[in-house]
1. Residue check, V208 against (1) of a type in the set (V, I, T); (2) modelled with pLDDT under 85; (3) closer than 17 Å to H79 by Cα, all met but one. Which one?
2. Would you pick out the residues in segment 138-164 that are modelled with pLDDT of 85 or more and either surrounded by 14 or more Cβ atoms within 10 Å (Cβ to Cβ) or of a type in the set (A, V, I, L, M) (or both)?
3. Take the conditions modelled with pLDDT of 80 or more, surrounded by fewer than 21 Cβ atoms within 10 Å (Cβ to Cβ) and under 15 Å from the mean Cα position of the chain (by Cα) and apply them to Y173. Does it pass?
4. Cβ-Cβ under 8 Å, sequence separation 6+ or interchain: first residue in segment 129-147 and over 20 Å from G177 (Cα atoms) and part of a loop (DSSP other than H, G, I, E, B), partner modelled with pLDDT under 90 and basic (K, R). Which pairs?
5. Select from segment 64-90 the residues that are farther than 22 Å from M212 by Cα and hydrophobic (A, V, I, L, M, F, W, C) and write down the one among them that is nearest to the chain's Cα centre (by Cα).
6. For segment 153-192, which strands (runs of 3 or more DSSP E) that fit wholly inside it have 2 or more residues that are under 21 Å from P32 (Cα atoms) and touching a residue at least 40 places away in the same chain (Cβ under 8 Å)?
Amino acid sequence: MKQINRAAAILGVGIVVLISAPLLRLTQNAPPVYNHIDRNVVRVFYPYALEDIYGERHNGLAMCSGVIVSRNLILTVAHIATQKPMGEFYVHIRKGRQVHKVQAVIERHDTRKDLLLLRLEKPIDWTPVHLADLYEVGEHIIFCGCNVGRLTKFRHYRISINNYGILLHPVYYGDSGGGVFNTRGELVGIIQRLVLVERGAHTMSSLVGYAMPVDKIRKFWDGVQ
């Protein structure tokens, strides 16, 4: 696979070499695993209200990604819901070429781990994503989120872990809550943090992502079903 960009950054522990991977456009001839992932990565919306210093109320809409992990449950990030709610969560779920708006409510949340589980008003009628049993450093992964401008962007990487979690590059705003998958389409991580990496004076800065690995997700997931 052709490498299209290289950058070095000091992050947490040591020097990490980042290798940008080409984006995969989903086509009708794409392998089944991509269609499986694409169907189960969704866009999550959270209407909120915010008061300014003058006491005036302003309405907003937070957006992130999420992963369908059960026929009626979506795993995403808790930091989307830090403001006072103005309405219910809702999710954009694709079925074929149509996008359906489905209401959702909080099933479980953990602000310390930055994980949020939403229960859909209407269950899906296809196979959701399953959590992987384990993963290995160097294992090939596919990650994607519903970032600004596109519903999904597939990117390829290999598992590299430091103190912050699984390292991902490139990432975009809106990827938070998106999934990291192995080549079987099983979930190995949830994208949580986006960090801006400053480069040299004559090169552009870029975003690096970190995902919580599945072994920590399982502690949050245990006992839900």
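1. Condition not satisfied by V208: (3).
2. E139, I141, I142, F143, C144, G145
3. Working: modelled with pLDDT of 80 or more: yes; surrounded by fewer than 21 Cβ atoms within 10 Å (Cβ to Cβ): yes; under 15 Å from the mean Cα position of the chain (by Cα): yes.
Spelling it out, Y173 is indeed modelled with pLDDT of 80 or more, surrounded by fewer than 21 Cβ atoms within 10 Å (Cβ to Cβ) and under 15 Å from the mean Cα position of the chain (by Cα).
4. Pairs that qualify, where the first residue is over 20 Å from G177 (Cα atoms) and part of a loop (DSSP other than H, G, I, E, B) and the partner is modelled with pLDDT under 90 and basic (K, R), are G138/R158; E139/R158.
5. F89
6. Details: elements: 155-158, 165-168, 179-181.
So the answer is 155-158, 179-181.
Here's the yes/no breakdown for (1) under 19 Å from the mean Cα position of the chain (by Cα); (2) surrounded by 19 or more Cβ atoms within 10 Å (Cβ to Cβ):
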position: H92; (1), (2): yes, no
position: G96; (1), (2): no, no
position: H100; (1), (2): no, no
position: A104; (1), (2): yes, yes
position: D110; (1), (2): yes, no
position: L117; (1), (2): yes, yes
position: L120; (1), (2): yes, yes
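The values are calculated or read from the model by the stated rules, or taken from the named source; none is laboratory data. What you see is a predicted model, and the numbers here were worked out from it, not measured in a lab. Please note: Cβ atoms are built from the backbone with ideal geometry, for glycine as well, and neighbour counts cover all protein chains shown.
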